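What follows is a set of notes on a single structure, which appears directly below.
The values are calculated or read from the model by the stated rules, or taken from the named source; none is laboratory data. Treat the numbers as computed from the prediction; the structure is a model and nothing was measured. Here the Cβ positions follow ideal geometry from the backbone for every residue, glycine too, while neighbour counts run over all protein chains shown. Just so you know, the surface numbers come from the protein's heavy atoms only, side chains and all, with ligands and any DNA or RNA stripped out. Shrake-Rupley method; radii C 1.70, N 1.55, O 1.52, S 1.80 Å.
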Amino acid sequence: MLMEQKIIEWQVGTKILSALQKLSSQKLDPKAEDVHMAVEEAVLAETGAEIGGNMHLAKSRNDQVATAIRMALRTEMQNIMHLVLEMQQALLETAAKHTETIILEYTHLQAAQPVTFGHYLLMHFDALGRDFERLQAAYVHVNQCPLGAGALATTSFPINRKTTAKLLGFEAVLENSLDAVGSRDFILETQSALALLAVNLSRLAEDLIIWSSAEFGTVELPDEFTSTSSIMPQKKNPEVLEIIRARASHALGDFVAATAAVKSLPTTYNLDFQEVTPKLWASTDNLKASLAIFAELIPHIKVSTEVETKAAAGFVGATELANMLVRKHNVTFRTSHKIVGALVKALVDTNKTLLDATPQLLQKAAYDSAGIKLAVKNEDIISCANPRKLVETYKVIGGPSRKEVERSITARKKTMNQTNAAVLKNEEQLVDSGNKLDQIIYDYSLSTPLKTQDLKI
């Protein structure tokens, strides 16, 4: 850009470009003040002061570091979005195998209603979908170029900020120079999205940890993601999931720490920013590891075949029994709720379950609790105590019936195809801009300039 704008001589520019191409991190002086000065000193050693002394023209470390962070973060975010999609793919494929696998779901950790394991996995697919959308939204703000803002007030040289933005693959110029060097909200926005992602992963880990215990017995985790006790040989501890759950707190802590560091800073650049960036990279590393582990673990989860029997032996059909009274006997729901509550209490008091309920017991509960006489058929009670039949009655949008889950899986496959295409498009844009930049550098080094206007800026 400096060459195109005739700010530096052509021959000077080609020699600086040649020196930069020869650099590697191993050749940089670790004793230099920072990486920016290390690069400049290496170029000076290669070209001499008369040539290399112009490399830092019309830019500051302030706008340079802001640009570098955004460039590195784009790649990190694309990697994370890929991993989100891989985990979503694992959830979809596993859900398709469990459209009829009955599990119990809980409220307040008390058995509530039966659903299918496929239905449960789709919940986490959808949560990841929102996480992905938040990352996409943050990516738009990350992908803006601050280069050319200088220390804080741009420069008196006639630079072209649109050219540098395009050459580096940015979607737009971050215009206001104070904002360009003094804002780190793009980091906080990204960390916010990562913190929410970590929370969602932690909740999945928590479910699987609890459900794999003998007390719940819902799932069995793959051996390679568990370990035994050093003293108790019967133990199968879900240690990998426990680490994921714990590291979610790190993502939250890093977000809070970065936000706290930024909140009280005066306008433009402050060295406090150096303490913020490591929190960002810690979060990206954290989430990449957790997502990759889940993508490997999910397809190998085994669901217990005893859950359905356990559900039938409990009271998870009580809600549907109340619904039956509304539908077939014109009882208001609040009254039917009271009647079934009285029935459940009577059964519990005699150490019985819903499988032991009879029309006579239900009729007595109705009369004693609500003064209502009912003529209930035994088959109506039996149907309400069958978890599989109950699940198949939940046919509304978003319900756990087999057909609804299959419909949801089909719809989400289409969404994933579109999402994959969007991620690939972003990657292709960066690759394309990088290739064009390499070509321009090559052509300029041969003194046969390719005008940057050819990039259709």
For region 37-81 and region 82-155, what is the separation of their Cα centres, given in Å? 34 Å
Greater than 26 Å apart at Cα, pairs in LYS97/LYS395; LYS27/LYS166; LYS27/LYS263; LYS352/LYS395; LYS310/LYS377: LYS27/LYS166; LYS27/LYS263; LYS352/LYS395
Extension reserve of the ARG402-SER227 stretch, reckoned as 0.36 nm per residue once the Cα distance is removed: 59.5 nm
Peptide ranges 142-152, 246-256 listed from the most packed, as the mean C-beta count within 10 angstrom indicates: 142-152, 246-256
In Å², rounded to a whole number, the accessible area per residue of the chain with probe 1.4 Å is 51 Å²
Pseudo-spin-label distance GLN274 to THR309, built 7 Å along Cα→Cβ, given in nm, is 6.6 nm
Residue among HIS56, VAL39, SER24 farthest towards the positive dipole end of region 13-63, charges placed on Cβ: SER24
How do the peptides 33-39, 226-232 rank, highest first, by the average count of neighbouring beta carbon atoms within 10 Å per residue? 33-39, 226-232
Report, in debye and to the nearest 20, how large the dipole of region 1-155 comes out about its Cα centre when Lys and Arg carry +1 and Asp and Glu carry -1 on their Cβ. 220 debye
Charge dipole of the chain built from unit charges on the beta carbon (Lys, Arg +1; Asp, Glu -1), centred at mean Cα; most positive-end Cα among THR415, ILE8, MET232 is THR415
Carbon and sulfur together cover what percent of the accessible area of region 154-313 at a 1.4 Å probe radius? 55 percent
Projected onto the charge dipole of region 223-306 (+1 at Lys/Arg Cβ, -1 at Asp/Glu Cβ, origin at the Cα centre), which of VAL256, VAL276, ASN286 gives the Cα projection farthest towards the positive end? VAL256
How large is ³J(HN,Hα) for each residue in region 393-409, as worked out from phi by the Karplus curve 6.51 cos²θ - 1.76 cosθ + 1.60 (θ = phi - 60°), to whole Hz, x for Gly and Pro? 7, 8, 9, 5, 3, x, x, x, 4, 4, 5, 5, 5, 4, 4, 4, 4
On each of the three principal axes the extent of the alpha-carbon atoms of the chain, given in whole Å and largest first, is 102, 53, 41
Can you tell me the dipole magnitude for the chain around its Cα centre, using point charges on the Cβ only (Lys, Arg +1; Asp, Glu -1), in Debye to the nearest 20? 1640 debye
State, to one decimal in nm², a quarter of the convex hull surface area for the C-alpha atoms of region 346-435, i.e. the direction-averaged projected area. 10.3 nm²
Relative to the Cα centre, what is the charge dipole magnitude of region 221-350, using +1 at the beta carbon of each Lys and Arg, -1 at the beta carbon of each Asp and Glu, and rounding to the nearest 20 debye? 760 debye
Quickly rank 260-269, 393-402, 184-193, 65-74 as a protection proxy: mean count of other C-beta atoms within 10 Å, highest first. 184-193, 65-74, 393-402, 260-269
